[in-house]
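One structure below.
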Amino acid sequence: MSLELKSPDFTASGNIPKQFTCEGADISPALSWDAPPAATQSFVLIADDPDAPVGTWVHWVLFGPPPGKPHRYFFKLYALDAKLNLMPGATKKDVERAMQGHMLAQGEYIGRFSR
């Protein structure tokens, strides 16, 4: 099942306004999604940049973009049938490993930014 993830701050695959980047206030854009499956117990939200020169740069995982060509920023939302028992500071890999077998639905929203 998929979740429809959206933002009032920029269009899907559109440019992310500077206020949501390191060149502005560096705040997170607003995100919303449609109703999750009834069995949902928790959510995971990951924001990463697969176009970074050093490989995928993980900006944040919830339970600063380098210069050059425009980068795509993926906001990925997962509805889970369980709560994750992870300590603060868990890495993206830790979270992805812990949520295996618990994903009920997922959604993705992409934005672009370049300096």
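No value in this document is a laboratory result; all are computed from the given coordinates. Since the model is a prediction, treat every value here as computed from it, not as a measurement. We place every Cβ from the backbone using ideal geometry, glycine too, and count neighbours over all the protein chains shown.
Things to note:
- Among the listed values [x] 0.98; [y] 0.95; [z] 1.05, the one matching Rg/Rh (Cα atoms, Kirkwood Rh) as calculated from this structure is [x].
- Each of His71, His59 has some number of other Cβ atoms within 10 Å of its Cβ, and from fewest to most they run His59, His71.
- Cross-link partners of Lys92 among lysines, defined as those whose alpha carbon lies under 22 angstrom from its own and excluding same-chain residues fewer than eight positions apart: Lys6, Lys76, Lys83.
- Estimated 222 nm signal from helices in the chain, with DSSP H stretches of n ≥ 4 weighted -39500 (n - 2.57), rounded to 500: -2000 deg cm²/dmol
- For Leu3, distant residues with modelled amide H under 5 Å away: Gln106, Gly107
- Site pair Ala35 and Met87 shows an inter-label distance of 4.0 nm when each label is modelled 7 Å from Cα along Cα→Cβ.
- Rounded to whole numbers, the Karplus 3J(HN,Hα) couplings from phi for the range 83-98 are 8, 7, 9, 10, 7, x, x, 4, 7, 4, 4, 4, 5, 4, 5, 5 Hz, using 6.51 cos²θ - 1.76 cosθ + 1.60 with θ = phi - 60°, and x at Gly and Pro.
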